[in-house]
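J.: I have a structure here, written as C-alpha cells, and I will follow up with some questions on it.
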Amino acid sequence: MADTESIIKTKETHSEDTALTMNEKFNIPITMFSKKPSYVIYNNFYKEDLKRITLKREYSFYNYCFISVCISFILGFIIGVVLMGAQTSIAVKNPRKLNSTIRTLNSLKVPKDTRELEILDKRGFSAVSFTGDNHKYKDIYPKSLTDDMKEILKDNKMNQKHKKLNFNRTLHVPNENTVLYGNIYWGTEVENSMPQGYGENTAEIWEQYVNQSEVIKMESGCGRMQNRLVTFKDGIQACVRYRQNTDQIQGEIFSFYVARLLNLTNLAPTVVKIVDVKDKLWSNVANDIATAQWNSNRAVILTQYIPSLESATIPDIFKPSNRHLNKKDIQEITMKEKDMDKQILINKLKLKNVKPIIDDTDFDHVDMKLNKKTKELFVELAQWSDLIIFDYLTANLDRIVNNLFNYQWNVNIMDGPAHNLARKMDSGLLMFLDNESGLLHGYRLLKKYNVYHSLMLDNLCVFRKRTVDSLKELSDLSIGSKLSEIFHRKNNAVIRDILPPLPEKNAKILQERISKVISQIEKCERLFGTR
C-alpha cells in the first residue's frame, strides 16, 4: 500500500508540473488544471508532439522557399534568354532565326491565314526565301540545257560596256572612270560593273519554257507552308507560290510587271499558271497537289529557282545613324582612297606655311579609278537606289519597311539580314524576293505605314539614269493601261477569268507615287545642283 500511494503521489506531482509547464507556454489559467486529471499523462508527450509540429512547420517553410527560388530562377532564365536574344545580331548562316519580338507585317493580311502566320512567327521570318542551297559558283543545272536557258541561269557580269551617257545639264562628259555625274547620277564606272540580272529576254524565255514543260516532282520548300519547290523533266526547278487570297497573287505578278517597266533586272523570271491536274504541266503530280491541299482552278506563281544565294544586309549608309545617300556621301567614300596622299600634301604645305585650299562643295561629278572594294560597294548602293524606288512605288511591306517597323522593338535588327532580300554569290546581284504585299495589301495600309516608305526615299539623292528615264516615260503614260496591256498579252483567257487585273484605284495610287519619286529626283537636282 505504501508503494501504491507513493506511485500515485509521483503521478500527481508530475501532472502538476506538466500543467504548470503548459500554463507557462500557452498562458492558460491555472484553475484549469487545479483538479486532478482522470487520465494518466505520460512523460515528454507534449514536448515531443510540440517538437514534431515545430519541425514540420520549419520543413514546410524551407520547402516553400526552395520552390520559390526554383520558380524565380526559371523565370529569370527565360527572361534573360529573351532579352539577350533581342540584342543579338542575326547570324547570316541561319537567317531564319530572328528575334521573337519581330512582327511580320504580313500577319495583318487576312484572318484566314492566322494559323499559318502564327507558325511562321514562331520560327521567325526568312531573310532569304525562294533561294537555293549555297552552291558557291557551281553550275548545278543539267548539261543538256539550251543555250538560252544556260544564259539566264548563270547571270554573269555585264559583257558589254554601257554607252557614254549624254547629260545636257553639265559640261562634264562621263568617261569610263566617272563614279557620279550631273550631281545625282551613278557614273559609267559603276554602271559598267553592274550584274546583268534578269532582263526582258530572260522573262520571255522563262514563259516559253514553263508553257512547254511538265512538273515531275513537288516537295516542300520556298517559304510558306503551301508553297512548293517543283522540278521539271530536265532538272530545272521553280518555286511555286500558292495563296488562299487572290490579291497576294496579283501583288506578286503585277509587282514583277512594274519592275519590267522600270527595266529592273533584280527580280527572278515569273509567270502565272492555273492549278489543273488535267493540264500537261501538272498531270504527273496530281497526288502531290492533293497532299499540298491545293484547290483546282487556283492561280499560282511560278518563279525561277535561283541557287547560290546568300543573305544581304542593309548598308551602313542607310542605317538610322546615317540614312542618306547623296553626292557628298559618294565623294567622301571615294576620298578615303586618297586620304593618305592628301594628308601628305597637306603636311608638305604646312611645312612651307602655305594653307591648302580644299573646296569640295561646288562639284557636279566625281571621276576616279576605284579599287575593287569601293567599286563593289557602289554597285551594291546603285542596286539599293533601285530597290528603294521600287519598294516605294509598290508599297512593299515585307522588306525594308519590315526592318524599320521592328526597329522600335529591336535596335539591332538593322544589323541583321534584310527581309526578303538576297545576293547572288557569283555576281553580286541583289534579288528582290517575295513581292506579294505590293500594290494591293501595301496600298490598303498606306495610311499607317507610308511614313516608313517615305523615310528611305526622302533621303535618297543618287539614282541610276536608266531608272529615272523609265520613270519619266511612265509618268507620261497611263500606268494602269500599260499594266493591263501586259497582263492581257502574257496571260490567256482562262487565267484572266480567275485572276482579276489590277484595280483602277490601285493603278491611280501607283501613278501618284511615280510622280512623287520624280518630285524627289527634282528636289535632289535643286539641292545638290552646282551654283
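The values are calculated or read from the model by the stated rules, or taken from the named source; none is laboratory data. This one's a predicted model, so the numbers in the text were calculated from it and none came from an experiment. Cβ coordinates were reconstructed from backbone atoms using ideal geometry, including for glycine residues, and neighbour counts include every protein chain displayed. In case anyone asks, the SASA skips ligands and DNA or RNA and just uses the protein heavy atoms, side chains included. Shrake-Rupley method; radii C 1.70, N 1.55, O 1.52, S 1.80 Å.
J.: When the residues of the stretch 487-531 are narrowed to those that are without any contact (Cβ under 8 Å) to a residue 60 or more places away in the chain and of a type in the set (Asp, Glu), which ends up least open to solvent (accessible area, probe 1.4 Å)?
T.: GLU522
J.: Which count do you get for residues in the stretch 306-332 that are open to solvent by 50 Å² or more (accessible area, probe 1.4 Å) and either at positive phi or assigned to a loop (DSSP other than H, G, I, E, B) (or both)?
T.: Matching residues across the stretch 306-332 total 3.
J.: Look at the stretch 474-490 and say how many of its residues are within 30 Å of the chain's Cα centre (by Cα) and not in a helix (DSSP H, G or I).
T.: 0
J.: Does the stretch 416-425 contain at least one residue that is over 22 Å from LYS327 (Cβ atoms) and in a loop (DSSP other than H, G, I, E, B)?
T.: First, pick out the residues of the stretch 416-425 that are over 22 Å from LYS327 (Cβ atoms): 416-425.
Next, from what is left, pick out any that are in a loop (DSSP other than H, G, I, E, B): 416, 425.
Yes - at least one qualifying residue is present in the stretch 416-425.
J.: Just a yes or no: is a residue in the stretch 245-259 in a loop (DSSP other than H, G, I, E, B) and either open to solvent by less than 30 Å² (accessible area, probe 1.4 Å) or modelled with pLDDT of 95 or more (or both)? Steps first, answer last, please.
T.: So in the stretch 245-259, the residues in a loop (DSSP other than H, G, I, E, B) come out as 245.
The next check asks that each one be either open to solvent by less than 30 Å² (accessible area, probe 1.4 Å) or modelled with pLDDT of 95 or more (or both); those that pass are 245.
The answer is yes; a qualifying residue exists.
J.: Could you please let me know if ASN284 is more than 30 Å from LYS465 (Cα to Cα), modelled with pLDDT of 95 or more, of a type outside the set (Lys, Arg) and surrounded by fewer than 18 Cβ atoms within 10 Å (Cβ to Cβ)?
T.: Values: more than 30 Å from LYS465 (Cα to Cα): yes; modelled with pLDDT of 95 or more: yes; of a type outside the set (Lys, Arg): yes; surrounded by fewer than 18 Cβ atoms within 10 Å (Cβ to Cβ): yes.
Considered against the rule, which asks whether it is more than 30 Å from LYS465 (Cα to Cα), modelled with pLDDT of 95 or more, of a type outside the set (Lys, Arg) and surrounded by fewer than 18 Cβ atoms within 10 Å (Cβ to Cβ), ASN284 comes out as yes.
J.: Could I ask something else about it? Looking at the stretch 286-305, which of its residues are within 12 Å of LEU229 (Cβ to Cβ) and either in contact with a Gly (Cβ under 6 Å, 6 or more places away or on another chain) or not in a strand (DSSP E or B) (or both)?
T.: ASP288, ALA292, TYR305
J.: Scan ARG489, ARG526, ARG466, ARG513 and give me the residue that is under 21 Å from ASP398 (Cβ atoms) and charged (D, E, K, R).
T.: Numbers: ARG489 fails: under 21 Å from ASP398 (Cβ atoms); ARG526 fails: under 21 Å from ASP398 (Cβ atoms); ARG466 fails: under 21 Å from ASP398 (Cβ atoms).
The conditions single out ARG513.
J.: Within the stretch 260-271, identify whether any single residue is open to solvent by less than 10 Å² (accessible area, probe 1.4 Å), touching a residue at least 60 places away in the same chain (Cβ under 8 Å), under 18 Å from ASN492 (Cβ atoms) and under 20 Å from the mean Cα position of the chain (by Cα), and answer yes or no.
T.: The answer is no; no qualifying residue exists.
J.: Still on this structure, I have one more. Here's a check for you: in the stretch 296-338, which residue that is within 21 Å of the chain's Cα centre (by Cα) and among the charged types (D, E, K, R) is modelled with the highest pLDDT?
T.: Of all residues in the stretch 296-338, those within 21 Å of the chain's Cα centre (by Cα) come to 301, 303-324.
Next cut, among the charged types (D, E, K, R) only: 310, 316, 319, 323.
Numbers: GLU310: 95, ASP316: 90, LYS319: 84, ARG323: 78.
Result: GLU310.
J.: So, one more: Being part of a helix (DSSP H, G or I) and open to solvent by 20 Å² or more (accessible area, probe 1.4 Å): is that true of VAL468 here? Working first, answer last.
T.: Values: part of a helix (DSSP H, G or I): yes; open to solvent by 20 Å² or more (accessible area, probe 1.4 Å): no.
Criteria not met by VAL468.
J.: Restricting attention to the stretch 491-510, which residues are within 26 Å of VAL468 (Cβ to Cβ) and over 27 Å from the mean Cα position of the chain (by Cα)? I'd like the intermediate steps shown before the answer.
T.: First, pick out the residues of the stretch 491-510 that are within 26 Å of VAL468 (Cβ to Cβ): 502, 506-510.
Result: LYS508, single match.
J.: Okay, next question. Could you list, ordered by first residue, the pairs with Cβ atoms under 6 Å in which the first is in the stretch 467-486 and more than 21 Å from THR265 (Cβ to Cβ) and among the small types (Gly, Ala, Ser) and the second is open to solvent by 10 Å² or more (accessible area, probe 1.4 Å) and outside any helix (DSSP H, G or I), at least 6 apart or interchain?
T.: Cβ pairs passing all conditions: SER484/PRO501.
J.: Within the stretch 426-457, count every residue that is assigned to a loop (DSSP other than H, G, I, E, B), open to solvent by 30 Å² or more (accessible area, probe 1.4 Å) and more than 26 Å from GLY480 (Cβ to Cβ). Walk me through it before giving the result.
T.: In the first step, residues of the stretch 426-457 are kept if they are assigned to a loop (DSSP other than H, G, I, E, B); the result is 426-429, 433-440, 445.
Those still in the list that are open to solvent by 30 Å² or more (accessible area, probe 1.4 Å) too: 426, 445.
Right, trim to more than 26 Å from GLY480 (Cβ to Cβ) and you get 426.
Residues in the stretch 426-457 being assigned to a loop (DSSP other than H, G, I, E, B), open to solvent by 30 Å² or more (accessible area, probe 1.4 Å) and more than 26 Å from GLY480 (Cβ to Cβ): 1 in total.
J.: Return the residue satisfying two criteria in turn: it lies in the stretch 359-407 and is open to solvent by less than 10 Å² (accessible area, probe 1.4 Å), among the charged types (D, E, K, R) and part of a loop (DSSP other than H, G, I, E, B), and of such residues it is farthest from PRO417 (Cα to Cα).
T.: ASP398
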